[in-house]
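The values are calculated or read from the model by the stated rules, or taken from the named source; none is laboratory data. Because the structure is a prediction, the values reported are computed rather than measured. Heads up, the Cβs are rebuilt from the backbone with ideal geometry, glycines too, and the neighbour counts pull from every protein chain shown. Just so you know, the surface numbers come from the protein's heavy atoms only, side chains and all, with ligands and any DNA or RNA stripped out. Shrake-Rupley method; radii C 1.70, N 1.55, O 1.52, S 1.80 Å.
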Amino acid sequence: MTAPLLTVDQLTKRFGGFVALDQVSLQVAQGERLGLIGPNGSGKSTLVNCISGTVPISSGRVLLDRERIDRLPPHRRAQLGLVRSFQLPRPFGSLTIADNLKVAMLYAGKPSSDSIHDLLALLGLEDKAGRLPRELTQIEMRKLELARAMAANPRLLIVDEVMAGLSHAEVDEIVELLLRLNEAGVTIVMIEHIMRAVMAFSQRLVCIVAGRKVADGDPREVTGDAHVLKAYLGE
Ligand code: ADP
Ligand code: MG
């Protein structure tokens, strides 16, 4: 049994007196595709923020390989291969698509010009290299966001609702893209409300309800779990 790539151990996050995450523990294996689900406000994005370092944890531990990373600033975690894609794409508006990827590579401490073209091709953006972000369509913007994340050469990529607002066919396209990135060796955690996408993508599901992990396992079993059904059906 190989060591997990990511370990979240008894993580608690409080905002003032409000407990957003309550003793959450989970592991992500090298090469895995994990889906993270739960109702709005259940703490999914907060968990991503705690893992990537944009908010400090209240207690518990976060480990990449077997090293504690929960005191490191976000850019250090990114350098170690922990990269997240933001819920709202925010590339530099005055830079071309290619230059936005260059900046993303520099941020992660992995400057390399030769791979920009490969990355654009992998994401299907090869003819957009010289364009500005505002010239892209909605799905091209999502691809740019994924490309910026991939530019940091992630070992673990966390995507937080990158499919919201896309058409049925576009959602399928992004799922295919994420499957390709995973085949290329990237471990991926997907947070998503579109269950069709979650089920097509995930090898395992974790469900969080009101800051607590209520299920963790096979996607079909998790979606049939009484706690999960209750949370989604709201009864
Ligand atoms: P999800 O991503 O599952 O929809 P979030 O992680 O965004 O949920 O939010 C979980 C809870 O934590 C919500 O009640 C939200 O209002 C609260 N929360 C998130 N960030 C903050 C913050 N910076 N300050 C105070 N409360 C927050
Ligand atoms: Mg969220």
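Points worth noting:
- Subset of the stretch 140-177 [open to solvent by less than 60 Å² (accessible area, probe 1.4 Å), more than 17 Å from the chain's Cα centre (by Cα) and within 21 Å of Ile191 (Cβ to Cβ)]: Leu166, Ser167, Glu170
- Exactly one residue among Leu125, Leu136, Leu132, Leu106 is over 22 Å from Val171 (Cβ atoms) and at pLDDT 90 or above, and that residue is Leu132.
- For the stretch 45-54, the count of residues that are modelled with pLDDT of 95 or more, closer than 23 Å to Ala147 by Cβ and among the aliphatic types (A, V, I, L, M) is at least one.
- Whenever a residue of the stretch 120-139 is over 20 Å from Ser94 (Cβ atoms), its partners that are at pLDDT 95 or above and open to solvent by 60 Å² or more (accessible area, probe 1.4 Å), lying with C-beta atoms within less than 7 angstrom and at least six residues away or across chains, give the pairs Ile139/Glu173.
- Residues of the stretch 20-32 satisfying the condition of being surrounded by 21 or more Cβ atoms within 10 Å (Cβ to Cβ) and under 14 Å from the mean Cα position of the chain (by Cα): Val28
- Residue in the stretch 80-88 that is open to solvent by 40 Å² or more (accessible area, probe 1.4 Å), more than 16 Å from ligand 1 (Cβ to nearest atom) and modelled with pLDDT under 95 present: yes
- Of the residues making up the stretch 225-235, none is among the small types (Gly, Ala, Ser), farther than 16 Å from Gly35 by Cβ and within 16 Å of ligand 2 (Cβ to nearest atom).
- Residue that is most open to solvent (accessible area, probe 1.4 Å) [pool: residues in the stretch 180-207 that are touching a strand residue (DSSP E or B) at 6+ places or on another chain (Cβ under 8 Å), within 18 Å of Ala121 (Cα to Cα) and touching a residue at least 40 places away in the same chain (Cβ under 8 Å)]: Asn182
To keep it simple, each residue is scored yes or no on (1) more than 16 Å from ligand 1 (Cβ to nearest atom); (2) under 21 Å from Ile116 (Cα atoms); (3) touching a Cys at 6+ places or on another chain (Cβ under 7 Å).
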site	(1), (2), (3)
Glu140	yes, yes, no
Ala147	yes, yes, no
Leu157	yes, yes, no
Ala164	no, no, no
Asp172	yes, no, no
Leu177	yes, yes, no
Gly185	yes, yes, no
His193	no, no, no
Met199	yes, no, no
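- With a requirement of 1 or more residues that are closer than 25 Å to Leu132 by Cα, the strands (runs of 3 or more DSSP E) lying completely within the stretch 145-235 that satisfy it span 156-160.
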